[in-house]
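**Q** Before we start, here is the structure in question, set down as structure tokens.
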Ligand code: SAM
């Protein structure tokens, strides 16, 4: 948090903190419905909309969120997508969310779903996903004002909540209201329970028209209004969003199929084109990959980005894949070199991400995934159509459409939007992108049950997956080599031995037991060429009106594909960002142009 807050729970036991919030939300669900939903004209106001975006200033026990989600579920006219963005400086315990919903049977199931995703809430932005991704909660953990300045979207409704203005002034003052107003469009509804004169005057100064309206007993009045500045507005906080139509995605690997699913979920009709006959034939064809966040002693950009990505991928895997067959949520042990500096301390909440152990760092949020299974799942989203054996050579704009042409200059497809997600092939279509091939070879063999193996995946200098069910039987996998600038898909003996060497540092006993198989060439090899940017972070963003890119996932496609897809969709539609703006900019393709 950038500034100290006047109200602080430090020294406040968990239980009294629960009572504090619970009391201030007294009247519970009925008040939430009357003051916040009713005050913003909901549910009627969202009827028939494609998407509805609610911004709240204090999440507390999540009662307003649960009330909004419940109303959305119960409404036949509900919007296709409900976004709820809330700031919270001091997240409660998961058990408290469930406890506060106990008085309301209609919220209990929702509270349990929320509690299940309520972990690892270190400062920053966390995207939680419910109801098959149609209800998205963006939790901004930190001081409300600082966190709102890291967002970019146009809210449709604002719930101003916080403790009493006298006790918790910074939640009710001009600087926060200015940060809220920056995220409003003309007509955005606003509601709050307090009718304090200073709050009304400050809201008016920021361009809100607010009225005292009847409260729900025992409260006499509450406040409701809308954003209607008397001055000419500088326009929406984001460029006018595109209306969903037809889209082409070029590339059917992790990045392309994720982008396609994300767009289809927002009502686009998406054609995914690939030069290969089948999806996931490039680097996404890896038999199984490891998923775990990156760690660093300074909690670097990459570490923070990777946590956001891992959380989102885990939600996707839980939703789409068969546990034990396509993926497993095993946790991952990270072995660090003896002289490596310890990863940054992420505090109490950080233990759900990384816990120091005698033998390394334990990541509960990790496991293995078969990338091709995720690709298949994303391509099966209604609205997505895969078309193989078409190589796109060039794109051209005609009027308002984009055309994809093959090598003979024949028209293959035409659409309002194109997303290039073709790994190194993206370079042919977009010659200005600086992309680098990185060859990776993985070694694997079916398990021989006489060799004792670690109980779960091990990460570090390379990785080891002890048991993945492949078509050939339960198998172990290890790798990967990292051949910068190398595009060969021929397996190499030297690379097998390099993988064995890496395994010696990760799991010496396993390496000793498996060494004879490597020497006897009884170990299989899988090779792929990944595509990386010069700073090894993905490239996501708009290159020209209607022309977008999502590529350069490097060796972290499992971590970044869904995050990149959701970031792209958010930017395209003026939806809340799944990341703080600073992190979103670190993925923006614009950084390549800025670097010249
Ligand atoms: N909307 C909540 C609900 O529906 O359950 C109730 C919110 S509760 C009354 C107020 C919340 O604001 C508390 O959880 C508190 O931790 C949070 N808060 C207080 N000061 C804050 C600040 N400066 N930034 C972010 N959150 C803050």
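The values are calculated or read from the model by the stated rules, or taken from the named source; none is laboratory data. Because the structure is a prediction, the values reported are computed rather than measured. Quick reminder, even Gly has a Cβ in these numbers, built from the backbone with ideal geometry, and neighbours come from all protein chains shown.
**Q** Exactly one of (1) surrounded by 20 or more Cβ atoms within 10 Å (Cβ to Cβ); (2) on the phi < 0 side of the Ramachandran plot; (3) at pLDDT 95 or above is unmet by residue 251. Its number?
**A** Every condition holds for residue 251 apart from (2).
**Q** In this structure, is residue 97 more than 13 Å from the ligand (Cβ to nearest atom), at pLDDT 95 or above and in contact with a helix residue (DSSP H, G or I) (Cβ under 6 Å, 6 or more places away or on another chain)?
**A** So residue 97 fails the test.
**Q** Can you tell me which residue among 55, 29, 42, 61 is part of a helix (DSSP H, G or I), touching a residue at least 24 places away in the same chain (Cβ under 8 Å) and either near the ligand (Cβ under 10 Å from one of its atoms) or closer than 28 Å to residue 220 by Cβ (or both)?
**A** The conditions single out 29.
**Q** Let me ask something additional. Can you tell which of 71, 67 is assigned to a helix (DSSP H, G or I), more than 7 Å from the ligand (Cβ to nearest atom), modelled with pLDDT of 95 or more and crowded, with 24+ Cβ neighbours inside 10 Å?
**A** Sole residue among the options that is assigned to a helix (DSSP H, G or I), more than 7 Å from the ligand (Cβ to nearest atom), modelled with pLDDT of 95 or more and crowded, with 24+ Cβ neighbours inside 10 Å: 67.
**Q** For region 307-422, give me every one of the strands (runs of 3 or more DSSP E) that falls completely inside it and has 2 or more residues that are under 26 Å from the mean Cα position of the chain (by Cα).
**A** 332-334, 355-357, 360-363, 367-369, 384-387, 417-420
To keep it simple, each residue is scored yes or no on (1) in a helix (DSSP H, G or I); (2) more than 30 Å from residue 264 (Cβ to Cβ).
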position	(1), (2)
490	no, yes
500	yes, yes
529	no, no
540	no, no
548	no, no
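**Q** Taking the conditions exactly as written (surrounded by 17 or more Cβ atoms within 10 Å (Cβ to Cβ), in a loop (DSSP other than H, G, I, E, B) and at pLDDT below 95), does residue 120 satisfy them or not?
**A** Here the answer is no, as residue 120 does not meet what is asked.
**Q** Considering only region 143-156, how many residues are buried (at least 23 other Cβ atoms within 10 Å of the Cβ) and within 8 Å of the ligand (Cβ to nearest atom)?
**A** Count: 2.
Okay, residues lined up against (1) farther than 24 Å from residue 347 by Cβ; (2) surrounded by fewer than 21 Cβ atoms within 10 Å (Cβ to Cβ); (3) touching a strand residue (DSSP E or B) at 6+ places or on another chain (Cβ under 8 Å); (4) not assigned by TED's automatic domain parsing to the domain that holds residue 577:
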position: 98; (1), (2), (3), (4): no, yes, no, yes
position: 107; (1), (2), (3), (4): yes, no, no, yes
position: 158; (1), (2), (3), (4): yes, no, yes, yes
position: 180; (1), (2), (3), (4): yes, no, yes, yes
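**Q** Kindly evaluate residue 487 against the criterion of being over 17 Å from residue 326 (Cβ atoms) and without any contact (Cβ under 8 Å) to a residue 60 or more places away in the chain.
**A** So residue 487 fails the test.
**Q** Output yes when any residue across region 187-200 is part of a strand (DSSP E or B) and within 21 Å of the chain's Cα centre (by Cα), and no when none is.
**A** Looking through region 187-200, none of the residues is part of a strand (DSSP E or B) and within 21 Å of the chain's Cα centre (by Cα).
**Q** When you check residue 92 against the structure, is it surrounded by 24 or more Cβ atoms within 10 Å (Cβ to Cβ) and either touching a residue at least 12 places away in the same chain (Cβ under 8 Å) or in contact with a helix residue (DSSP H, G or I) (Cβ under 7 Å, 6 or more places away or on another chain) (or both), yes or no?
**A** Answer is no for this residue.
**Q** Out of the residues in region 129-142 that are in a loop (DSSP other than H, G, I, E, B) and more than 9 Å from the ligand (Cβ to nearest atom), which is surrounded by the fewest Cβ atoms within 10 Å (Cβ to Cβ)?
**A** Going through the qualifying residues, I end up with 132.
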